[in-house]
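What follows is one structure encoded as structure tokens, with my remarks underneath.
Read the figures in this text as sums done on the coordinates, not as results from a lab. Source: prediction; values computed, not measured. Cβ atoms come from the backbone with ideal geometry, glycine included; neighbour counts cover every protein chain shown.
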Ligand code: HSE
């Protein structure tokens with residue numbers, strides 16, 4: 001069996017995890033030849049021989065011994081430069097950088113076709129859960145209806161702490177950072193962008209369609225307030241940050257990231273802390289559920305190890321679904337039922353609600369529940385970013401099927 005000679009970019013939480021899991025695994029046939037880091041002097045939890053480290057980006061790309069690049073840095077621009085440079089040289093890559101992938105997938109797919117090099121990235125979406133390869137292979141011929149779930153460990157950790165442990169929001173966020181779940185800029189986690197990037201990648205493998213991140217409505221949890229939590233508790237639901245891609249007809253699918261009221265009967269209701277949960281719904285089997293740790297050093301590294309091993313057998317994504325005829329196209333012309341809590345921002349004036357079911361006013365805060373088009377949420381998204389308001393989706397798809 002051939003041995004994979006790895007050039008590793010990044011030696012932070014995930015990079016050190018990769019080093020550790022490769023040391024633990026006896027059958028890996030994989031060896032790290034060089035590690036590129038930003039600072040050679042930084043003190044790290046995992047000690048490595050000094051001659052393994054370099055701070056010169058090209059030292060890995062130009063090393064003829066290296067036949068696989070593992071890229072786990074959190075700078076999306078540098079990640080793009082490295083991954084593109086490697087693929088152009090015909091070197092295959094394993095990457096975990098969801099922001100980079102979500103923004104450059106079409107070009108990187110094209111490059112793989114052109115150069116024959118492969119790019120694998122199961123670790124980019126849902127940490128240890130093998131969601132990409134399953135969607136790509138197992139669900140290849142399936143009549144998928146929906147892929148929906150909790151794709152961000154940090155925001156889920158925060159919501160669990162706030163909901164179940166009465167922990168203040170800021171303290172929960174600090175813990176998520178300390179535990180190594182959060183991005184270096186945690187606003188990516190709490191504003192929903194991390195989940196959005198993962199949703200873009202997942203959709204590519206679920207439906208064979210690429211939708212650029214800026215076209216997708218994304219709303220996070222940063223403005224959640226005690227009154228939202230009280231409201232949810234009164235209704236016996238939890239609030240979770242949910243990303244979803246849903247076929248709304250044979251011709252169209254929609255997708256968005258939003259906090260959602262989740263009832264106890266749903267699989268994702270019990271997904272707490274840094275765990276992720278993905279529900280896959282199909283024509284023939286109703287629902288299936290994948291559950292696992294979505295963030296953290298070793299869970300993410302285990303997924304990278306799986307991609308490294310897959311490269312030992314020359315595995316690559318074929319993107320077969322993107323060649324299917326009659327693929328559904330993306331639409332935002334659908335009605336969502338939302339909960340909107342606000343004080344001064346005049347939500348009923350900003351958003352043209354088609355129907356309002358509940359409305360409540362008080363001196364401290366107001367809320368309403370009503371139907372509004374997703375396209376209107378996108379059109380008004382900047383006005384909806386005000387600190388004094390919070391939105392949550394009240395799910396309406398497949399209601400009679402659960
Ligand atoms: N910040 C990410 C999360 C890390 O919390 O899910 C894993 O992608």
Notebook entry, point to check: How long are the three semi-axes of the equivalent ellipsoid for the stretch 268-384, computed from the Cα gyration tensor as the root of 5 times each eigenvalue, in whole Å, largest first?
Noted result: 40, 22, 15
Next item on the list: With a 10 Å radius around each residue's Cβ, average the other Cβ atoms per peptide and rank 144-157, 263-276, highest first.
Entry: 144-157, 263-276
Item checked: Distance between the stretch 2-50 and the stretch 246-289 - C-alpha centres, whole angstrom -> 35 Å
Note to self: Give me the one-decimal nm value for the distance between modelled label points at residue 319 and residue 249, 7 Å along each residue's Cα-to-Cβ direction.
What the structure shows: 2.8 nm
Note to self: What number do you get for the stretch 128-209 when its Cα radius of gyration is normalised by 2.2 N^0.38 Å, N = residues?
What the structure shows: 1.29
Margin query: Test of understanding: in a Gaussian network model of the chain with alpha carbons linked when under 10 Å, which of 240, 198, 320 would top the mean-square fluctuation ranking?
Written below: 320
Note to self: Place a point 7 Å from the Cα of residue 382 along the Cα-to-Cβ direction; which residues of the stretch 192-232 have their backbone N under 11 Å from it?
What the structure shows: none
Notebook entry, point to check: Taking the Cα-to-Cβ direction at residue 375 and at residue 397 and moving 7 Å from each Cα, how far apart do the two end points lie in nm?
Noted result: 1.8 nm
Checklist line | Separation of the residue 226 and residue 45 label points, Cα + 7 Å toward Cβ, nm | finding: 3.5 nm
Notebook entry, point to check: How do 291-302, 45-56, 380-391 rank on mean C-beta neighbours within 10 Å, highest first?
Noted result: 291-302, 380-391, 45-56
Next item on the list: Classify the stretch 92-168 as rounded, prolate or oblate, taking a ≥ b ≥ c as the square roots of the eigenvalues of its Cα gyration tensor: rounded when a/c is under 1.5, otherwise prolate if a/b is larger than b/c and oblate if not.
Entry: prolate
Check: Which residue fluctuates the most in the chain, going by a Gaussian network model with Cα springs under 10 Å, if the choices are 360, 330, 121?
Finding: 360
Next item on the list: Can you figure out the FRET efficiency of residue 56 with residue 77, using R₀ = 22 Å and their beta-carbon distance, to the nearest 0.05?
Entry: 0.80
Item checked: the chain, helix-only ellipticity at 222 nm - DSSP H runs n ≥ 4, -39,500 (n - 2.57), divided by all residues, nearest 500 -> -9500 deg cm²/dmol
Next item on the list: Quote the FRET efficiency, to the nearest 0.05, computed for residue 329 versus residue 235 with a Förster distance R0 of 41 Å and r equal to the Cβ-Cβ distance.
Entry: 0.70
Checklist line | Whether the stretch 92-238 is rounded, prolate or oblate, judged on the alpha carbon gyration tensor where a/c under 1.5 counts as rounded | finding: prolate
Check: Between residue 265 and residue 29, what is the FRET efficiency for a Förster distance of 41 Å, r being their Cβ-Cβ separation, to the nearest 0.05?
Finding: 0.35
Checklist line | Per-peptide average of other Cβ atoms within 10 Å, ordering 207-215, 13-21 highest first | finding: 13-21, 207-215
